[in-house]
Amino acid sequence: MDWLTDNKIPVGDWSADIFDWIRVNAGGLLDALSMAMETLVDAILWVLQTPHPLIVVALFTAAAYGLRRSWKIAAFVFFGFLFILNQGYWEETTESLTLVLSACVMCMAIGVPIGIAAAHRPRLYAAMRPVLDLMQTLPTFVYLIPAIVFFGIGMVPGLIATVIFVLPAPIRLTQLGVASTPASLVEAVTAFGGTKRDVLIKAELPWALPQIMAGLNQTIMLALSMVVIAALVGADGLGVPVVRALNQVNTSLGFESGFVIVVVAIILDRMLNAGESK
């Protein structure tokens, strides 16, 4: 078998050459992208950290009730955030929420239009599927390497790695929702003189809305699952105490911060889970 290993396909070398070429020839674009993401992160962080924590908790509670029309879910959100305040993890929680919300803004802004285009062009989706599979199955730690090379350390590389890992979810679910629009519904809009834009706005998007909301829910959950990994490249948030607990073999700190992450995940899931009845 030596002949086979001696003629190894240089996949790693090709990847390194591609990244080196991007770093040399797209430096201006990378800097602009980094500045835009830093601005987004700073804006969301300012919104969450400037007011008194109880004001933010009240706003989240009101948003939960407005979205779900359930006092039980609103009460759970309220007491969940009070638990986080009690444990002393409010700053870390707002930093993690900033990462999650930033990833949601970017993923939905990119994923929904691509999903719509893929639903209207089956060949495009067929070509995209291997790329989407690669993005979801490639170990997330691999994304951290080019993120560090291009953007250094901090919130931006953590956000980039999160977006790459999460992006396939809104693309797939949007494509599924739009593609499953009944032909009779499309024909009805067309029969009344509707254009392709009318079909999209009045038929396909309303029909696909539950799938798009499911994509948003999956985006939030997957982004939250990246907080610990993002902490490895200097991103602030709840992943930092988890990594510190791992380095110190501190069981108390690990379970404490880990349980806070679980509470945040349940809060966000209950607020946006379109599958439950209101």
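Summary of computed values
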{"item": "Of residues in segment 116-141 being within 24 Å of Ala265 (Cβ to Cβ) and out of contact with any Phe, Trp or Tyr (no Cβ under 8 Å at 6 or more places or on another chain), the one modelled with the lowest pLDDT", "result": "Phe141"}
{"item": "Test result for Ala203, modelled with pLDDT of 85 or more, of a type in the set (A, V, I, L, M) and closer than 17 Å to Pro168 by Cα", "result": "no"}
{"item": "Residue match in segment 229-242 (condition: assigned to a helix (DSSP H, G or I), more than 21 Å from Arg172 (Cβ to Cβ) and without any contact (Cβ under 8 Å) to a residue 24 or more places away in the chain)", "result": "yes"}
{"item": "Which listed residue is open to solvent by 40 Å² or more (accessible area, probe 1.4 Å) and either at positive phi or part of a helix (DSSP H, G or I) (or both), from Ala208, Ala188", "result": "Ala188"}
{"item": "Residue selected from segment 60-100 under the condition small (Gly, Ala, Ser) and surrounded by fewer than 15 Cβ atoms within 10 Å (Cβ to Cβ), by the criterion nearest to the chain's Cα centre (by Cα)", "result": "Ala63"}
{"item": "Helices (runs of 4 or more DSSP H) lying entirely in segment 109-182 (those with 2 or more residues that are crowded, with 24+ Cβ neighbours inside 10 Å)", "result": "155-166, 168-179"}
{"item": "Selection from segment 1-59 of residues that are modelled with pLDDT of 90 or more, part of a loop (DSSP other than H, G, I, E, B) and open to solvent by 60 Å² or more (accessible area, probe 1.4 Å)", "result": "Thr50, His52"}
{"item": "Number of positions in segment 218-228 that are assigned to a helix (DSSP H, G or I) and either at pLDDT below 85 or open to solvent by 30 Å² or more (accessible area, probe 1.4 Å) (or both)", "result": "5"}
{"item": "Test: residue in segment 51-60 that is touching a residue at least 40 places away in the same chain (Cβ under 8 Å) and farther than 20 Å from Gly154 by Cβ", "result": "yes"}
{"item": "Per-region count, segment 62-108, residues free of Cβ contacts under 8 Å to residues at least 40 places away in the same chain and farther than 30 Å from Val243 by Cα", "result": "7"}
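The values are calculated or read from the model by the stated rules, or taken from the named source; none is laboratory data. Just so it is clear, the structure is predicted and the values come from calculations on it, not from any experiment. Cβ coordinates were reconstructed from backbone atoms using ideal geometry, including for glycine residues, and neighbour counts include every protein chain displayed. Note: accessible area is taken over every heavy atom of the protein model, side chains too, but ligands, DNA and RNA are not part of it. Shrake-Rupley method; radii C 1.70, N 1.55, O 1.52, S 1.80 Å.
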